[in-house]
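The values are calculated or read from the model by the stated rules, or taken from the named source; none is laboratory data. Only a predicted model underlies this, so the values are computations on that prediction, with no experimental measurement involved. Cβ: placed from backbone, ideal geometry, glycine included. Neighbour counts: every protein chain shown. These area figures cover heavy atoms from the full protein model, side chains too; ligands, DNA and RNA do not enter into them. Shrake-Rupley method; radii C 1.70, N 1.55, O 1.52, S 1.80 Å.
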Amino acid sequence: MKPHQTIETYVSVDMEADGPVPVINSMLSLGAYAFTADGLELGTFEANLRPLPQAQQDPDTMTWWGTQPDAWAYLQDNQQDPQLVMERFNAWVRQLPQPVAFVAFPVAFDFAWVNAYFHMFGIDNPFGYQGIDIKSYGMALLGRQFRYMNSDSWPKHWRPTNPFPHRALDDAYEQGLQFRAMLGDRARQGRVT
């Protein structure tokens, strides 16, 4: 490694919610999987959150949850105070080797929720605004247009080995493995400096 290089920690994050809009709706589960580009696994975080008292459930989202009874039941187990969850998540992220980057599929959705919850509870977001979108990263590696990027068109070793069960930690882990495969391909192409 060159002297100016720093090992980055990637934190694959997934969350589940009862609607599409942070704070109007509630985050119900948060999962994260931390790792380095060379595949060193640094740990996981998982918590189910109680709904916000002022929030409401989105009818369309709840109709969709009706098609996922096992995942919905999992979200109801061991729900915790959202502020305490975010304080614990903040402490967990900050104890990881720095710098850290938030990784998600799609980053625009998951990051918006996590950032909103950090700020709602007066917590500085430990990621700042460092976020990587897995789909965009894959687009760059394959040289394809964004609209043609989906898991079915990806190289087989990038595809999820298990279908996403809509459990935040399981989904975060699976998408983290996808991103690790992408990083491995990039390194083999000799593009990592």
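Here are the numbers for the structure shown:
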{"quantity": "Residue within the range 156-164 that is under 25 Å from Glu8 (Cα atoms) and in a helix (DSSP H, G or I) present", "calculated": "yes"}
{"quantity": "Meets criteria (buried (at least 19 other Cβ atoms within 10 Å of the Cβ) and within 17 Å of Asn115 (Cβ to Cβ)) for Ala34", "calculated": "no"}
{"quantity": "Whichever residue in the range 173-189 is in contact with a Leu (Cβ under 9 Å, 6 or more places away or on another chain) and assigned to a helix (DSSP H, G or I) and, among such residues, is least open to solvent (accessible area, probe 1.4 Å)", "calculated": "Met182"}
{"quantity": "Residue within the range 149-166 that is under 17 Å from Gly31 (Cα atoms) and at pLDDT 85 or above present", "calculated": "yes"}
{"quantity": "Where His4 falls short, out of the listed (1) out of contact with any strand residue (DSSP E or B) (no Cβ under 6 Å at 6 or more places or on another chain); (2) modelled with pLDDT of 95 or more; (3) exposed (fewer than 15 other Cβ atoms within 10 Å of the Cβ)", "calculated": "(2)"}
{"quantity": "Counted residues, the range 1-39 - those being β-branched (Val, Ile, Thr), part of a loop (DSSP other than H, G, I, E, B) and in contact with a Pro (Cβ under 7 Å, 6 or more places away or on another chain)", "calculated": "2"}
{"quantity": "Among (1) modelled with pLDDT under 95; (2) more than 30 Å from Gly138 (Cβ to Cβ), the one test that Glu87 misses", "calculated": "(1)"}
{"quantity": "Residues within the range 40-54 that are among the polar types (S, T, N, Q) and either surrounded by 15 or more Cβ atoms within 10 Å (Cβ to Cβ) or outside any loop (DSSP other than H, G, I, E, B) (or both), tallied", "calculated": "2"}
{"quantity": "Hey, Val11 open to solvent by less than 70 Å² (accessible area, probe 1.4 Å), on the phi > 0 side of the Ramachandran plot and in contact (Cβ under 8 Å) with a residue 60 or more places away in the chain or not", "calculated": "no"}
{"quantity": "Those helices (runs of 4 or more DSSP H) lying entirely in the range 67-126 with at least 2 residues of a type in the set (D, E, K, R) and open to solvent by 70 Å² or more (accessible area, probe 1.4 Å)", "calculated": "82-94"}
{"quantity": "The range 136-153: number of residues that are of a type outside the set (Ser, Thr, Tyr), surrounded by 16 or more Cβ atoms within 10 Å (Cβ to Cβ) and part of a helix (DSSP H, G or I)", "calculated": "4"}
